[in-house]
Amino acid sequence: MKRVLLSVCLIANGNAQAGDLQIPSAQRWLDSVENELAPFWLHQDAHGTPLGNFPTFRCNDGSAFSQTSPCSELNAAPDWMRPHLNQSYTRMQARHTFVYGVIFHLTGDQQALALSKAGVDYLRTHLLEEQGSVISVLEDGQSAFSAKQRTTQDLAYAQLGMAFYYYLTGDQAVLNDLLKVKDYIFDKYWDEQQQRLRWVNAESANGSGDEVELVAQLDQINAYMLLLSPLLPEPHKSQWDQDLSKLLTTITQQFLRPDDFRFWGTKHGNNYQPDSARHNDFGHTAKSWWMTWLAAEYLGKQQLVSQSKQGLQATLQAAFIEQGEGGWRRLPNGAPAIWWEYAELDQAAASLALVEPSATNYLTTTYPQWFDRFIAEDGGTYPVANQGLKIHLWKSDYHALEHALVAYLTSAQLNGETARLYFAMPSEQAQLRQPYFYQAEKAQAKSVGKWQNLTISQVSYQQIGIKKPN
């Protein structure tokens, strides 16, 4: 059935051909969000108690997880996951908030907008602390880690849902909290001597404090800084641009492997160099090049733009599986990529295709495999080929919804179609919003409704490309 759904949505286009194959239409990605992804997240048991306290764990049919009577898939959870089944993770609550925001952004679904707002309200009311830190893990209603023990990655992802909600609505109170958390991260975790963000500031199960982690730097960019920096008023914009530039320097000078296009995932200990070591996969390398490229374009760093595009091209070539059904691999000569790695590689290739049409040739093979391997027939996504838990302490559909948004925007451009996105702000403000990480030469906004005290606007975009300095 999945192959039939895909094939009927293929359209012919000269820039999107590899032999007789084409990429899906923009409408196919809207259909995927509405019919394949959204139902799992609009399920009543996803809404949380109280509303917005989105659960970290649910069963694969979407129903609530019960520790006293667990569903079979969570009863058989792997050993590493079992100690966490009674915990609630803010990074997942924020990722679920992002999911609802993207569903609204693509479809105009007001229930999804309401859930996005509920997630933002819950985090700001119950998890955000006065000094700017955010509770990262709750166990029996109490914070499992002190402020100093929380990781910079968890703090970055605590920003994710709020950042996307601000992009959708322009809510000033939400922006004030985003600024507060960002200031806290850079004030408390930036190591001036080492020129990088620390992983933690105190020892705990999260780490010793000696870790040197790529994602401590990288996830600040993709979770909130790249999206928000262009939208900020001064003096915040200049400070964020400066800090964004510092992170790019840290990533490319401290984590890029010598004489190679790949990034180390970590730089501590004695065993960080093997391909199988933590975060040395193609997913993290593709994400690193994608973020450095887009951020360098926005900041006007042309030398880094060129370096990033070359690194990204090398990554895609190495990660692409040419034999059999194709797709992406996670390591050199290794197994196929898991869901989030696959999404990052697709997103990088789709973005590159906006300026290098030959990159579309990857997508004619990888997009069909995305639908076949990861989209569940009964809603949501699997982490590996048609199996595994759909939601847990590291798995949500954050990556799947971002993948759909990026694929929708880039496919619309590559196929000569108009992309349409929804915002919860007046049309004259919405028209000034650029589409996610991209930039459109033509934008036309109109008001299409009301939700509570917010105007719902639809913006039509044409000539979508890579965001430039503003």
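What are the GluC sites (Glu not before Pro) within the range 345-426 that DSSP puts in a loop, where the Cβ has at most 12 other Cβ atoms within 10 Å?
377
Please work out whether the range 428-469 counts as rounded, prolate or oblate from its C-alpha gyration tensor, where a ≥ b ≥ c are the square roots of the eigenvalues and a/c under 1.5 means rounded, while otherwise a/b larger than b/c means prolate and anything else oblate? Prolate.
Within the shell defined by Cβ-Cβ distances under 13 Å, the residues around residue 55 carry a net charge of +3, with Lys and Arg each +1 and Asp and Glu each -1.
Can you give me the relative contact order of the chain as a percent, contacts being Cα pairs under 8 Å and 6 or more apart?
Working: 843 pairs, mean separation 85.1, N = 470.
Contact order relative to length: 18 percent.
Roughly how many whole Å is it from the C-alpha centroid of the range 414-470 to that of the range 276-324? Between the Cα centres of the range 414-470 and the range 276-324 lies a distance of 27 Å.
In this structure the amide hydrogen of residue 265, modeled in the peptide plane, comes within under 5 Å of the amide hydrogens of 280, none closer than 5 places in sequence on its chain.
Largest to smallest in accessible area, the residues 358, 460, 146, 276 fall in the order 276, 358, 146, 460 (1.4 Å probe, all protein chains included).
So how do 49, 266 rank on accessible area, 1.4 Å probe, biggest first, that is with the largest at the start? Intermediate values should be presented prior to the final figure.
Values: 49 125, 266 5 Å².
Order by accessible area, largest first: 49, 266.
Chymotrypsin sites (Phe, Trp or Tyr not before Pro) within the range 383-470: which are DSSP loop residues with at most 15 other Cβ atoms inside 10 Å?
When the chymotrypsin sites (Phe, Trp or Tyr not before Pro) of the range 383-470 are filtered for loop state and at most 15 Cβ neighbours within 10 Å, 394 remain.
Less than 5 angstrom separates the built amide H of residue 137 from those of 90, 144, 145, all sequence-distant by 5 or more or on a different chain.
Within the set of other residues whose C-beta is less than 15 Å from the C-beta of residue 25, count the net charge using Lys and Arg as +1 and Asp and Glu as -1.
On the way: positive: 28, 420; negative: 31, 34, 417.
Around residue 25, the charge tally is -1.
Across the range 168-183, coupling constants 3J(HN,Hα) worked out from phi with the 6.51/-1.76/1.60 Karplus curve, θ = phi - 60°, read 6, 10, x, 5, 5, 5, 5, 4, 4, 6, 4, 5, 5, 5, 4, 4 Hz, and Gly and Pro carry x. Sparsely packed loop sites in the range 304-357 (the GluC sites (Glu not before Pro) outside DSSP H, G, I, E and B with at most 15 other Cβ atoms within 10 Å) comprise 322, 325.
The values are calculated or read from the model by the stated rules, or taken from the named source; none is laboratory data. Everything quoted here is computed from the prediction, not taken from an experiment. A quick note on method: Cβ atoms are made from the backbone with ideal geometry, for glycine too, and the neighbour counts reach across all protein chains shown. Just the protein is used for accessible areas: all its heavy atoms, side chains included, with ligands, DNA and RNA removed. Shrake-Rupley method; radii C 1.70, N 1.55, O 1.52, S 1.80 Å.
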